[in-house]
Structures are given as C-alpha cells and as structure tokens.
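The values are calculated or read from the model by the stated rules, or taken from the named source; none is laboratory data. Note that the structure is predicted; figures quoted are calculated from it, not measured. Note: ideal-geometry Cβ built from the backbone for every residue, glycine included; neighbour counts use all protein chains shown. Each accessible area value is taken on the protein alone, full model and side chains, heavy atoms only, with ligands, DNA and RNA left out. Shrake-Rupley method; radii C 1.70, N 1.55, O 1.52, S 1.80 Å.
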Amino acid sequence: QVQLVESGGGLVQPGGSLRLSCATSRSIFTYYRMGWYRQAPGKQRELVATITDSGIPNYADSVRGRFTISRDSPKNTVYLQMNSLKPDDTAVYYCNAYLGSPPSDYWGQGTQVTVSS
C-alpha cells in the first residue's frame, strides 16, 4: 500500500515561514511526479506546486516567489518551504504522487497550515 506521510504544518504569524515534508517509498519517489495541493474551507482543492522525477518544479501563480518545492533523494522526501506566509495561505495541505502511465494517483492525509496573528 502506498503511503505518503506528511509533517510540518502548524500555526504561524503572517510573514512567517514553515516547511512541509512528505516521505514515501523509494519506488514512488523515483518514478512519480510529486506535488503539494491545498484546500481551504469552502473552496476546491488547488495545486500549490509540483516537481517531476527529474526535478523540474512548477508553481501556482499565488505562491511563486514565496514557496519552494524540492526533493531529497536519500530520504525519499519532498519538501515545501513556505516563506512570507499570508492569511490566504491557510488551508489543509496535501501531498500527492502522480504517474501518467499507467495512471496512478496517491494522496497523503493532509496537514493543517494556519496563518494568523
């Protein structure tokens, strides 16, 4: 069974930083595109950032320049460094692993990020 284990959420003041982590198995980490999505109350889940198996990142316009996604191969872990956090960043953040062929899509359990003074 595929597992994506997230950590690092919490409460932070506006302008602060947090780093989210998502650990998975070696096979998933090696071949899948990894990413972070978020869902705020009353809103649809939205893409935050993804990174391909070869390390190419992609960001939502709302976080570009503030968030950085990265991969740590020895640890089979994907990180999301979040800086200059805003109240609008408040949401449950989900780790995702996606493979196009054969189609496979896995999700973590989610971690809460709250940005508030």
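Before moving on, here are some points about what is shown:
- Evaluating Gly55 against the criteria (1) open to solvent by less than 40 Å² (accessible area, probe 1.4 Å); (2) part of a loop (DSSP other than H, G, I, E, B); (3) modelled with pLDDT of 95 or more leaves one unmet condition, (3).
- Scan of region 95-116 for residues that are open to solvent by 40 Å² or more (accessible area, probe 1.4 Å), among the hydroxyl-bearing types (Ser, Thr, Tyr) and touching a residue at least 60 places away in the same chain (Cβ under 8 Å), ordered by number: Tyr98, Tyr106, Thr114, Ser116
- Residues of region 95-117 satisfying the condition of being part of a strand (DSSP E or B), out of contact with any Cys (no Cβ under 9 Å at 6 or more places or on another chain) and within 18 Å of Tyr32 (Cβ to Cβ): Tyr98, Leu99, Ser104, Asp105
- Taking first residues from region 1-30 that are touching a residue at least 60 places away in the same chain (Cβ under 8 Å) and partners that are open to solvent by 50 Å² or more (accessible area, probe 1.4 Å) and of a type in the set (Phe, Trp, Tyr), the Cβ contacts under 8 Å between residues at least 6 apart in sequence or on separate chains come to Val2/Tyr106; Leu4/Tyr106; Leu4/Trp107; Ile28/Tyr106.
- Residue identified as β-branched (Val, Ile, Thr), surrounded by 14 or more Cβ atoms within 10 Å (Cβ to Cβ) and not in a strand (DSSP E or B) among Ile28, Ile69: Ile28
- Scanning region 34-52 for residues that are closer than 18 Å to Gln109 by Cα and either in contact with a Ser or Thr (Cβ under 6 Å, 6 or more places away or on another chain) or part of a strand (DSSP E or B) (or both) yields Met34, Gly35, Trp36, Tyr37, Arg38, Gln39, Glu46, Leu47, Val48, Ala49, Thr50.
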